[in-house]
Amino acid sequence: MIPAPFDYAAPNTLAEAFALLEQHGDDAKILAGGHSLIPMMKLRFASPAFLVDINNIPGLSYIREEDGYLRIGAMAREADLDHSELIRSRYPIFTDASKLIADPQVRNMGTIGGNIAHGDAANDHPAVMLAMRAEVVISSAEGQRTVPIDEFFYGFYMTAVQQNEILTEIRIPIPPAGTGNAYHKLERKVGDYATAGVAVQITVDGKGFCTYAGIGLTNVNPTPMRAARSEEALLGQKMTEEAIAEAARLAAEDCNPSDDLRGDEEYKRAMVGVLTRRMIHKALERARR
Amino acid sequence: MIRCKTSKEIGGMGHSVKRKEDARFIQGKGHYVDDIHLPGMLHMDIVRSPYAYAKIKSINAEEALKIPGVLAVVTGKDLEKYNLHWMPTLMSDTQMVLPTDTVMYQAQEVAAVIATDRYAARDGKEAVIVEYEPMKPVIDPHKSLDPGAPVLRTDKPGKNDNHIWHWEVGDKTATEKIFAEADVVVKEQMHIPRIHVASIETCGCVADYDKVNNHLTMYMTTQAPHAIRTVIALVAGHVGLTEEKIRVVSPDIGGGFGGKVPVYPGYVIAIAVSFLVGKPVKWVEDRSENLQADSFARDYHITAEMAGTKDGKILATRFKILADHGYTDASANPSKFPTGLFSIGTGSYDYGAAFMEADAVYTNKPPGGVAYRCSFRVTEAVHAIERITDRFAFEIGKDPAQLRMENFIKKEDFPWKSPTGWTYDSGDYHAGLLKAMEVVGYEELRKEQAEKRERGELMGIGISTFTEIVGAGPSRDFDILGIKMFDSAEIRVHPTGKAIARFGTKSQGQGHETTYAQIIAEELGIPAEHIQVEEGDTDTAPYGLGTYASRSTPTAGAAAAVAARKLRDKARKIAAYLLEVSEEDLEWEPGKFFVKGAPEKAKTIQEIVFAAYTNHPLGMEAGFEATHYYDPPNLTFPSGAYICVVDIDKETGEIKVRRFVAIDDCGNIINPMIVQGQVHGGLTQGLAPAMYEQLIYDEDGNILNGTFMDYLVPTAVESPNWETGHTVTPSPHHPIGAKGVGESPTVGAPPAIANAIVDALSHLGVTHIDIPITPFKVWKILKEKGVAQ
């Protein structure tokens, strides 16, 4: 990498990191796993004057259930998700997603926090978090605040995280029994961003009625997107083939993909439809286990 | 089954000797150009054009020169003072080193920044301000010859269109007559897309000019070090750099695939700067520069036609090519072959008439095209013949395997004269296809396909039975810039029986250090592990034309065998002297001469070599060395039978290559493990253009996929389980019966995959899809046919 010149600090505490962010203002950029930022610096699309490397700050890479939430420290790596027994046994949607993120080398470094904080609709975790109605914990020198995932993404590379703040945790409500979830994306080759990706979490009651539906879409909208009408169409319904088809149809209709080398708008809408149907089926299958 | 004549200890031909070079490569101890650090070395980075076609109004280096460490910004005007602003291409066209007034393609070199370190050089590059006046470029080659199209090469006096050359071969009249009278004529338009070799190591050099001794050492990623030395002397002789003052060193190379044959402007600028300042100058491209500016491969638009009878006899073929060469013809073909060896495109089939013609045009795209793991346009030819053969089978409703079997050139008809003038040396096409069909379970697969079709599932089986043409080549026809395409070997055996062998070729991953040693071991009985192979240094290696187009084994490998045989003749004389018998009384077995009928009376090769230095017969020249320059009497014609099975997801268009069986015939095999490795790599590089790779430009000439984010190089994940095998039909004219294998799989795989995908959709009326065949493309077809929603 031959980036533009920059200064660099690797603080050992959050307090020091906040102070550095305060001091350098808009010149500063947080370096977590680096797998979004460093490629941009390499291509000189980004030339931050000051990097605050938060890899030395301890206590930010946990994955645990606590107080009704699955709590994921912002510095947990994709590889940590891959290797977590808790995730594998109870949250297969994360395993679905993490194995589709880039390649093992990237997953050894890339963090869940960074994947979300980058604010890129092409990243995979945002859709998963939307489907699971996550909350994002944002910290600063003034303290902590919690932002629902629906209020987190502002625009292209823009999120609720302010210049003096650091995303420190993601909280996901522990789903009740009868819940299943799944994620898949179509990619042109391993490591590619999604042509289209769909995350689904469904809860069904004992009589087979849908009591929760969360559907998040990857890379088919300027920001990570919830397929709200699809969710509404399923809530309170029996999970029939017709209901599922309708939810899929609505997701395809509501997304806003743009043409690129992966495919045109028509193709991507169709893929959102196919994947929504397939992921609902897969989530239901998992819910029944 | 491969039979070995030598013991495992000697490790001659047929043994899967482990690659000698791997010990250093897998331990990170390879030594590449970028590992070279010389005292006082300067670094160069290159300012590149954002436009495909523009006038340069001004180049302002003021801000760049303010950056600490930036020493100079070199422009075309600077080089013009020394008449170094233009250079010849290998095809006797011309190419700018740096422009003085106009840029002709996006990413073209515009100026060079020289600095004391790599970072300052890049910062300097960002700070150079170039003012352009963009012009409307010519991007679509089909429009390049339109009357109103801007004439791009205004540097050529009198040039009034964008036409480069016309080429044709075959009997036009006879072919046209057959086409006019044939029962069946099929025709398809095919684009063999512009792709890039994308080797792991990009291109680069360290130019080290010593002012005191007037001597240039050029460390460089080149597949052809000697040819480069001669080219440098031709380009820079007028400033005093004559050939004896130039040493080209090609260190370890991380993949060449044809992309490291041409001379790129960066090399010339680095030499010019080093020459002027007397310090070493390093230039190493980054990945995007490599992908965007270095020579592309392919980019042939082909109209392919086949004429035949209703019952399936092929009668004639006709191919018409539009070749998009970009801004200059920078192909790396032998001089007399502007379309390379495309004329192999009559394929593996026995018919009497063919006509092929090509027109090459200039466009505002990077120059090329190189022979990407392909013996000069053979990939394009094989795609055309193998696709149109399938198209013909489909038209008459005959199984494509059956059709091929009925039309193959028969084993007993070799040497076989092709309608375009080649003499195929040997082949057994029936055996190859039969073996492939047996391994894949062809009949069962066809049944399964029929059942799946009933259920609305999409499955396809594709065949490619190709004939390759490699080992360029016989000096009567083959030269590059006038230099005949022989190749060379020099063997020196030391008194203790160990040897060093040097070659004019240059390995880029092929494993020459191992296979050449095995050839010598086979001939001399000296264990392969005792033979050190050296290439790539023009001061020590004998002259040769380098490694590309699967030519190393056919040429330098043959030279090694012949040189070793010269030594064996000498060894016989010494053994006769030592054993006090006549030469005729001696018999050879690998590693020793013994007296006929008295095997205990023997001298090992090691004893003989020692005697060559300590006790040689009176009147005989001392020492044990031989050199041979091998001029092949003919090319070699490897072949293969590939069968691919695909399943297609009818909702998403995703294609899964379920099976891929590759039966290669490369004649006698030197090292089965290395051949298998080469085939695996080659098949993956055949999968690439079939399903993933293409350099894509918009109408303004902007490259749309200039990084690995969007230029999709397949990985192990995308690669199916390659099932490989062999038939062995030795080349009758090659000293060791070998034919060359490196590029066969790259050439043969794309049509097998394309044929399989088209086959999966053939019941919908699909007869052709241009590669790369992506899920999006397939889905569009399925949508149009009412299969996908």
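The values are calculated or read from the model by the stated rules, or taken from the named source; none is laboratory data. Because the structure is a prediction, the values reported are computed rather than measured. Counting neighbours? That spans all protein chains shown, and the Cβs are built from the backbone with ideal geometry, glycine included.
Brief remarks follow.
- Among the residues of region A:54-82, those identified as over 18 Å from A:L31 (Cβ atoms) and β-branched (V, I, T) are A:I63, A:I72.
Conditions (1) free of Cβ contacts under 8 Å to residues at least 40 places away in the same chain; (2) assigned by TED's automatic domain parsing to the domain that holds B:F594; (3) not polar (S, T, N, Q), marked per residue:
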residue	(1), (2), (3)
B:T496	no, yes, no
B:R502	no, yes, yes
B:Q510	no, yes, no
B:E513	no, yes, yes
B:I520	no, yes, yes
B:G525	no, yes, yes
B:G536	no, yes, yes
B:T540	yes, yes, no
B:L545	no, yes, yes
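- Considering residues of region A:250-286 that are more than 19 Å from A:E232 (Cα to Cα) and of a type in the set (G, A, S) only, the residue farthest from the other protein chains (Cβ to nearest Cβ): A:S258
- In region B:449-477, residue nearest to B:K410 (Cα to Cα) [restricted to those that are without any contact (Cβ under 8 Å) to a residue 40 or more places away in the chain and over 38 Å from the mean Cα position of the chain (by Cα)]: B:A450
- Complete set of residues in region B:763-779 that are farther than 19 Å from B:C374 by Cβ and within 14 Å of chain A (Cβ to nearest Cβ): B:I773, B:T774, B:P775, B:F776, B:K777, B:V778, B:W779
- Identity of the residue in region B:689-720, among the hydrophobic types (A, V, I, L, M, F, W, C) and more than 10 Å from chain A (Cβ to nearest Cβ), that ends up surrounded by the most Cβ atoms within 10 Å (Cβ to Cβ): B:A690
- Strands (runs of 3 or more DSSP E) wholly inside region B:201-306 that include at least 2 residues being under 24 Å from B:V73 (Cβ atoms) and more than 22 Å from the chain's Cα centre (by Cα): B:204-210, B:215-220, B:281-284
- Check on A:M239, within 14 Å of chain B (Cβ to nearest Cβ) and in contact (Cβ under 8 Å) with a residue 40 or more places away in the chain: no
- Residues in region B:94-125 that are farther than 22 Å from B:K55 by Cβ and not aliphatic (A, V, I, L, M) were compared, and the one that is nearest to the other protein chains (Cβ to nearest Cβ) is B:R122.
- Among the residues of region A:1-40, none is identified as basic (K, R) and within 14 Å of another protein chain (Cβ to nearest Cβ).
- Complete set of residues in region B:236-256 that are in contact with a Ser or Thr (Cβ under 8 Å, 6 or more places away or on another chain) and β-branched (V, I, T): B:I246, B:V248, B:V249, B:I253
- Residue count for region B:1-48, restricted to those that are assigned to a loop (DSSP other than H, G, I, E, B), of a type in the set (D, E) and over 18 Å from B:Q510 (Cα atoms): 1
- Checking B:A626, B:A662 one by one, the residue that is more than 14 Å from chain A (Cβ to nearest Cβ) and farther than 30 Å from B:A499 by Cα is B:A662 and no other.
- Flag for B:A760 being away from chain A (no Cβ under 14 Å), more than 30 Å from B:A560 (Cβ to Cβ), assigned to a helix (DSSP H, G or I) and in contact with a Ser or Thr (Cβ under 8 Å, 6 or more places away or on another chain): no
- Taken over region A:169-210, residues that are within 14 Å of chain B (Cβ to nearest Cβ), out of contact with any Lys or Arg (no Cβ under 6 Å at 6 or more places or on another chain) and hydrophobic (A, V, I, L, M, F, W, C) amount to 3.
- Subset of region B:126-142 that is part of a loop (DSSP other than H, G, I, E, B) and surrounded by fewer than 18 Cβ atoms within 10 Å (Cβ to Cβ) - its residue that is nearest to the other protein chains (Cβ to nearest Cβ): B:D140
- Only one entry in B:S744, B:S731 is away from every other protein chain (no Cβ under 14 Å), over 16 Å from B:S464 (Cβ atoms), buried (at least 24 other Cβ atoms within 10 Å of the Cβ) and among the polar types (S, T, N, Q), namely B:S731.
- Listed here are the strands (runs of 3 or more DSSP E) enclosed by region A:11-119 that have at least 1 residues being hydroxyl-bearing (S, T, Y) and closer than 20 Å to A:E165 by Cβ, and there are none.
- A:V147 being assigned to a loop (DSSP other than H, G, I, E, B) and more than 23 Å from A:E285 (Cβ to Cβ): no
- For A:R133, the conditions (1) without any contact (Cβ under 8 Å) to a residue 24 or more places away in the chain; (2) basic (K, R); (3) in contact with a Gly (Cβ under 8 Å, 6 or more places away or on another chain) all hold with the exception of (1).
- B:L782 vs. criteria within 14 Å of chain A (Cβ to nearest Cβ) and not in a loop (DSSP other than H, G, I, E, B): yes
- Residue within region A:231-247 that is closer than 25 Å to A:P92 by Cα and modelled with pLDDT under 95 present: no
- Strands (runs of 3 or more DSSP E) contained in region B:582-642 and holding at least 2 residues hydroxyl-bearing (S, T, Y) and surrounded by 12 or more Cβ atoms within 10 Å (Cβ to Cβ): B:625-630
Listed here are the residues, each with its yes/no results for (1) modelled with pLDDT of 95 or more; (2) in the same structural domain as B:Y105 (by TED's automatic domain parsing); (3) crowded, with 22+ Cβ neighbours inside 10 Å.
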| site | (1), (2), (3) |
| --- | --- |
| B:K365 | yes, no, yes |
| B:Y372 | no, no, yes |
| B:R377 | yes, no, yes |
| B:F394 | yes, no, no |
| B:D399 | yes, no, no |
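- Boolean, B:T540 is of a type in the set (S, T, N, Q) and buried (at least 24 other Cβ atoms within 10 Å of the Cβ): no
- Each residue in region A:248-268 was checked for being closer than 19 Å to B:K783 by Cβ, of a type outside the set (A, V, I, L, M, F, W, C) and surrounded by fewer than 21 Cβ atoms within 10 Å (Cβ to Cβ), and 8 pass.
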